[in-house]
Amino acid sequence: SRHMAGDLDGRPTAAIDGDPTTHWSPGYLAQDAEWASYTQQDPVTFDHMDLQVVADGRHTVPTRLRIVADGETAAVVDVPAIEDQAEPDATVAVPIALPEAVTGRRIEIHIDASRPVTTIDWISKGPVVMPVGIAEWGIDGIREELPRGPFDSGCRSDLLTVDGEAVPVRVTGTMEAATT
């Protein structure tokens, strides 16, 4: 549905990268309608989720998920109560058994209900709902490794012009540096 503006590491791929220190956050305001989707080349079948949720008292916590496979609701599951941890960005493992196996190429996970955590908006001085943090959906067959290592764009003259004249540029570095 969306991701936290300005947080390149907070995209939905963070919830399928195998790294529990990264997480998807859709952004501030109501969380009960946010969703993440993943399209695989081949259909995946799964009957459980090894969910990992950020539960640190600073993130809203999902309480009900809806799994949609290829456009059809395949399961609606309640997330067991999750106790907040004291450490910022602490994750809690929450195994979820699905009522039956789900199969599909395009899998969407919707947050249908949540336990909101609020803070005070520094502009309006009113309460605002904090985003959920999904560290891992934990679905077998849905995983994406984040790019690592060196990056080199090669010399490009189609990216920048000054006074109508093409200026060749080359971008080099590491993928880790590019995301920070």
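The values are calculated or read from the model by the stated rules, or taken from the named source; none is laboratory data. Because the structure is a prediction, the values reported are computed rather than measured. FYI the Cβ positions are ideal-geometry reconstructions off the backbone, even for glycines, and counts take in every protein chain you see. For the accessible areas, the whole protein counts, side chains as well, though only heavy atoms, and no ligand, DNA or RNA atoms are used. Shrake-Rupley method; radii C 1.70, N 1.55, O 1.52, S 1.80 Å.
Observations on the model:
- Two-site FRET efficiency, residue 5 against residue 157, from Cβ-Cβ distance with R₀ of 22 Å, rounded to 0.05: 0.10
- Global form of the range 24-180, assessed from the alpha-carbon gyration tensor, a/c cut-off 1.5: oblate
- Value at 222 nm in deg cm²/dmol, rounded to 500, when DSSP H runs of n ≥ 4 in the chain each add -39,500 (n - 2.57): -500 deg cm²/dmol
- Of all the options 92, 129, 167, the one that moves most in a Gaussian network model of the chain with Cα springs shorter than 10 angstrom is 167.
- Probe 1.4 Å, protein heavy atoms only - accessible area per residue of the range 1-96 in square angstrom: 50
- The chain - percent of accessible surface contributed by carbon and sulfur, probe 1.4 Å: 52
- Extension gain from residue 86 to residue 45, taking 0.36 nm per residue of separation minus the Cα-Cα distance: 11.2 nm
- Pairwise Cα separations in the range 3-77 fall into 10 Å bins from 0 onward with the following percentages, short to long: 15, 50, 31, 4.
- Enclosing the Cα atoms of the range 54-125 in their convex hull gives a volume equal to 124 cubic angstrom per residue.
- Stretch in the chain that is longest and holds no chymotrypsin sites (Phe, Trp or Tyr not before Pro) that DSSP places in a loop and that have at most 16 other beta carbons within 10 Å: 29-121
- In plain terms, the chain from residue 174 to residue 30 could stretch by 48.3 nm, reckoned as 0.36 nm per residue minus the Cα-Cα distance.
- Hz values of 3J(HN,Hα) by residue in the range 90-103 - Karplus curve (6.51, -1.76, 1.60), Gly and Pro given as x: 5, 10, 10, 7, 9, x, 10, 8, 8, x, 7, 5, 10, 10
- Considering only 18, 164, 57, the mean-square fluctuation computed in a Gaussian network model of the chain, springs between alpha carbons under 10 angstrom, is largest for 164.
- For the residues 161, 103, 45, a GNM of the chain with alpha-carbon springs under 10 Å puts the largest fluctuation on 161.
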